[in-house]
Amino acid sequence: AQSVAQPEDQVNVAEGNPLTVKCTYSVSGNPYLFWYVQYPNRGLQFLLKYISGDNLVKCSYGFEAEFNKSQTSFHLKNPSALVSDSALYFCAVRDMDMGRRALTFGSGTRLQVQP
Amino acid sequence: SQTIHQWPATLVQPVGSPLSLECTVEGTSNPNLYWYRQAAGRGLQLLFYSVGIGQISSEVPQNLSASRPQDRQFILSSKKLLLSDSGFYLCAWSVRAGVNEQYFGPGTRLTVT
């Protein structure tokens, strides 16, 4: 079975400071990893994914995530947080059952950026 | 471009009443479709997924059911709602081939009273 752990319920950071939202995973084969963001009462919005290749993946919103196979981690980072980044962040892993193509989500981490 | 719609946006229903939530996708063909429930604003629970018309897989035993009458239409139903059915219901789609991310709809907030 595949699983994802987000060890922090909430992360607090001051605007302009760097932020890290942690994610570790457990899969039987090669992991396909995703980050999503959710604003209040909205659906999830895709941020970025790791499938293979370069361990550092980036998106257009200023976020990046680094795949670390030895530590089974896929932490989300931003070098300079904005108040508007405050939201709920989910890490997800692709299920290895190819027919399902379903994602297993972590429990979410609430990011609070203070002005 | 592709878009995904869900309706209604909010719903308040009494215990024991029926339920029908609808999800439609535009701008793509043969998508995989998913229903998730999010309780207490946190983790997502996969309820159903579909890889084609009439093909539904259930992830957890419950009093909900899903149907896919058309390629880009996914319906979540119940004959009799329970209090525990309250939550935020999210529909999502993904491209069938390859390793692709899922795209989520705006969600339906269901409150069972």
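Points to keep in mind about this one:
- Segment A:12-31 - residue that is at pLDDT below 90 and open to solvent by less than 50 Å² (accessible area, probe 1.4 Å) and, of those, nearest to the other protein chains (Cβ to nearest Cβ): A:Pro31
- Selection status of B:Ser1, among the hydroxyl-bearing types (Ser, Thr, Tyr), open to solvent by 40 Å² or more (accessible area, probe 1.4 Å) and closer than 29 Å to A:Ala5 by Cβ: no
- A:Phe34 being under 26 Å from B:Gly87 (Cα atoms) and either within 11 Å of chain B (Cβ to nearest Cβ) or not β-branched (Val, Ile, Thr) (or both): yes
- Enumeration of residues in segment A:38-54 that are open to solvent by less than 70 Å² (accessible area, probe 1.4 Å) and away from chain B (no Cβ under 11 Å): A:Gly53
- B:Ser57 meets the stated requirement of being more than 24 Å from A:Gln45 (Cβ to Cβ), in a strand (DSSP E or B) and within 12 Å of chain A (Cβ to nearest Cβ).
- Sole residue being out of contact with any Pro (no Cβ under 8 Å at 6 or more places or on another chain) and either surrounded by fewer than 13 Cβ atoms within 10 Å (Cβ to Cβ) or not basic (Lys, Arg) (or both), chosen from A:Asn78, A:Asn68: A:Asn68
- Members of segment B:15-33 that are open to solvent by 70 Å² or more (accessible area, probe 1.4 Å) and assigned to a loop (DSSP other than H, G, I, E, B): B:Val15, B:Pro18, B:Ser29, B:Asn30
- Residue within segment A:77-87 that is within 14 Å of chain B (Cβ to nearest Cβ), touching a residue at least 40 places away in the same chain (Cβ under 8 Å) and within 14 Å of the chain's Cα centre (by Cα) present: yes
- Scanning segment B:34-47 for residues that are facing another protein chain (nearest Cβ under 10 Å), open to solvent by less than 60 Å² (accessible area, probe 1.4 Å) and not in a loop (DSSP other than H, G, I, E, B) turns up B:Tyr34, B:Tyr36, B:Gln38, B:Leu44, B:Leu46.
- Taking (1) without any contact (Cβ under 8 Å) to a residue 12 or more places away in the chain; (2) of a type outside the set (Phe, Trp, Tyr); (3) in contact with a Phe, Trp or Tyr (Cβ under 9 Å, 6 or more places away or on another chain) in turn, B:Ala97 satisfies each apart from (3).
- The combined condition, being in contact with a strand residue (DSSP E or B) (Cβ under 7 Å, 6 or more places away or on another chain) and open to solvent by 30 Å² or more (accessible area, probe 1.4 Å), is fulfilled by B:Leu11.
The values are calculated or read from the model by the stated rules, or taken from the named source; none is laboratory data. Source: prediction; values computed, not measured. Positions of Cβ are generated from backbone atoms using ideal geometry, with glycine treated the same way; all protein chains shown enter the neighbour counts. Ligands, DNA and RNA are excluded from the accessible area calculation, which covers all protein heavy atoms including side chains. Shrake-Rupley method; radii C 1.70, N 1.55, O 1.52, S 1.80 Å.
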